[in-house]
Each structure stands twice: as C-alpha cells, then as structure tokens.
Amino acid sequence: MGKVRFAIIGAGHIGKRHAEMVTGNPEAELVAMCDVRSKEECNLKTEIPLFRSVSELFTSGPECDVVSVCSPNGLHAEHALAAFKAQKHVVVEKPMALTKADCEKIIYNALNVHRHLFCVMQNRYSPPSIWIKSAIDSGLLGNIYMVVINCFWNRDDRYYKKENWKGKKDMDGGTLFTQFSHFIDIMYWLFGDITNIHSRLRDFNHRGSTEFEDSGIVHFDFINGGIGSLNFSTSVKNVNFESSMTIIAEKGTVKIGGQYMNEVVYCDIENYSMPQLPPGNPANDYGAYKGSAANHVYIIQNVIDTIMGRSQITTNALEGLKVVDIIERIYKSGEQISKKMSEI
C-alpha cells in the first residue's frame, strides 16, 4: 500500500504535535485538519486544508485512512464515533473519553466497523517505563508490597484561560483526566487494577479558574496484591516539580522520578546491576508550561506499522477504557467521602 493518510481533528497544541509527527514520517501523509477556528486563529502555517466542522471533513474532505482525535476531552467520544461511522481507523488522545460508558460505545463501534482504535499513552515508550515493565514481568522484584506515585505539577492562569475549554468540567473532566492519566496508565500497565479506593480531593488555589479539584490523596489496594497511593497536585508554584513512582517489593526497591517520571533515581534489587538506559525524549514543551514525554513519534509509527500489518497496537482500547474507569472510581470515592464529611 501507499502512504497512510491522516486527518487530524483539533488544531491545538497536541493536534499540532500529531501533525508534526505525521508530516515527518516518510510512510505517512497529512491530508486534512479540522477545527472550529480559522487557520489564523489556530496559528496554522500550512497548506493542508482546514475544515471547520467534523461533518464537513467527512463529506467534503479528502480521503483518509486514519483520524487523530485531538479535540477537547469532552468531545473525544463524539469525534471518535463520527470517524468510525465514516469507516476510518482512529487514534484518540488521552483520555479516550470522560466516562467508562462512552469508552464502551467507542469500542463497540470500532468492532462493528472492523477498524483499529489506538489510545495515546506515550509514557510507555520512555526508557525507564520499558525497563521497569520488563523487571516486573520477569519477576525480578518478586511480590509487590507498596507503590507510591507522586505527581506535582504547575498549572496556573497561563494555562487556564477563561475562553478556553480547560478547567471546564464537561470538556476537561478534571486534573486526573488531563494532567495525570498517563501516570495512572503506567500504574495499571505495571500492576493491574485497583480496589478499596479512598480519595480526598481539594481545590486549593484554582477556585477562580477550574470547576474541579487541583489536588488529591488517594489510597487503594491492588487486586494482584500490595497497597498503593497516588498523591497529586497542580498547585506547585511556577514550574512542574516531579512525577515519581516508588516501588517497595520483596526483592528490592526502585524509584523512577524526575519531572516526568523519566529517570531511574534509585535501584536496589537483589543480585542485580542496573543497566545503562538509552536517553529518553524531553517533555512536550508548550511555552508557558510542559506536559509528558514527547513520544508521539512512536505512537504514529505504531499506527502505520499496525495498519500495514507489521505490528500490533501497543496501547489497546481496553487499556484506555481501564484508565478512564479507574479515574471515575477515584472521583466517585472523593465525592462520597466529601458527602460524609459534610454530614458530620
């Protein structure tokens, strides 16, 4: 077959990152973009046609094989379903949707039209993530006793602008959906599902800019054994502080840290010498703030390889659904605990 043809819905920061990765791949071709704003408003300097609605894209746009959904979180389900109705393969940025029910609809429609569904969880491609996954799967650490995940970032008025969708409950969804779903994915990928969730959520300094929490402490049990906690906040002053994961296990202790969980900062494993890992990619840089690792090049290559029959999907739809399911349960626990506290 010839080049894999991509159309991108959403021309914001992440849509432009997808466009960059597609145009830089010799086996891919970017044929269209879609956004409610004009090219000037999107600051798009490209000859690629821009369509102002999804319906216009699929009725008047050029033929494409794959649609990348890079629109606001609350529109992911609607746009993925429209792409499947048009018989396209779909790449959905995180999160797949804002509810488990919508994720199930997306998966059902993908199966119905026999098209691939790719979920963007690019932190799996970071060298420390690949290394610790191999270590856990091989039994190198033995039984897992405790896992502590800390995600402490900065998001302030530079990020939450009143005219933007970010910070709105129906379009953004919450801090765990937009900022930290990648790290919940890593947790699920490594250790499996969680239960007995107890969440305490607070909004400290974003009450004028968001409709949801900016910080939380979450405790839980792993179904496969061991206990865990997730501590997160976007109230850090000025810049992102850290994203880390500490694993205390039968045969050793490991901490993966740095600002974006991108370096192994401690490794003490029985009868084991830590190998030299290859350098990882830097964080996605959006000017006033930064996001997770810039690993979208691997996502796009996996899409191409899968469609051409050379590989399989590295982040499948059920895993994308589980991340949303876990976040939903964390938020539900937080609501229940807040209600109990208010009744005391």
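The values are calculated or read from the model by the stated rules, or taken from the named source; none is laboratory data. Predicted model only: the values in this text are computed from it and were never measured. No Cβ is skipped: glycine too gets one built from the backbone with ideal geometry, and neighbour counts run over all protein chains shown.
When only residues in the range 254-281 that are part of a strand (DSSP E or B) and either touching a Leu at 6+ places or on another chain (Cβ under 9 Å) or touching a residue at least 40 places away in the same chain (Cβ under 8 Å) (or both) count, which is farthest from S129 (Cα to Cα)?
Here the answer is I269.
Does any residue of the range 44-54 turn out to be part of a helix (DSSP H, G or I) and in contact with a helix residue (DSSP H, G or I) (Cβ under 7 Å, 6 or more places away or on another chain)?
Taking every residue of the range 44-54 in turn, at least one turns out to be part of a helix (DSSP H, G or I) and in contact with a helix residue (DSSP H, G or I) (Cβ under 7 Å, 6 or more places away or on another chain).
Please verify whether I132 is surrounded by 20 or more Cβ atoms within 10 Å (Cβ to Cβ), more than 20 Å from I300 (Cβ to Cβ), among the hydrophobic types (A, V, I, L, M, F, W, C) and modelled with pLDDT of 95 or more, treating the condition exactly as stated. Judged against the criteria, I132 is a match.
Only one of the numbered conditions (1) farther than 19 Å from V92 by Cα; (2) modelled with pLDDT of 95 or more; (3) of a type in the set (S, T, N, Q); (4) surrounded by 15 or more Cβ atoms within 10 Å (Cβ to Cβ) is not met by N262, and that is (2). Of the listed requirements (1) in contact with a Phe, Trp or Tyr (Cβ under 8 Å, 6 or more places away or on another chain); (2) surrounded by fewer than 17 Cβ atoms within 10 Å (Cβ to Cβ); (3) farther than 16 Å from H296 by Cα, H13 misses just one: (3). Of all residues in the range 164-210, those satisfying the criterion of being among the β-branched types (V, I, T) and under 16 Å from G228 (Cα atoms) are I184, I186, I194, T195, I197.
Pairing residues of the range 149-171 that are of a type in the set (A, V, I, L, M) with residues that are part of a loop (DSSP other than H, G, I, E, B), at Cβ distances under 6 Å and at least 6 apart in sequence or on separate chains, gives M171/P72; M171/W165.
For the range 185-231, name all the residues that are in contact (Cβ under 8 Å) with a residue 40 or more places away in the chain and acidic (D, E). Answer for the range 185-231, where residues must be in contact (Cβ under 8 Å) with a residue 40 or more places away in the chain and acidic (D, E): D185, D193, E211, E213, D214. Taken over the range 25-47, the criterion of being in contact with a Leu (Cβ under 9 Å, 6 or more places away or on another chain), among the aliphatic types (A, V, I, L, M) and crowded, with 19+ Cβ neighbours inside 10 Å is satisfied by A32, M33.
Take the conditions (1) under 16 Å from K88 (Cα atoms); (2) in a loop (DSSP other than H, G, I, E, B); (3) of a type in the set (K, R); R37 misses just one of them, which is (1).
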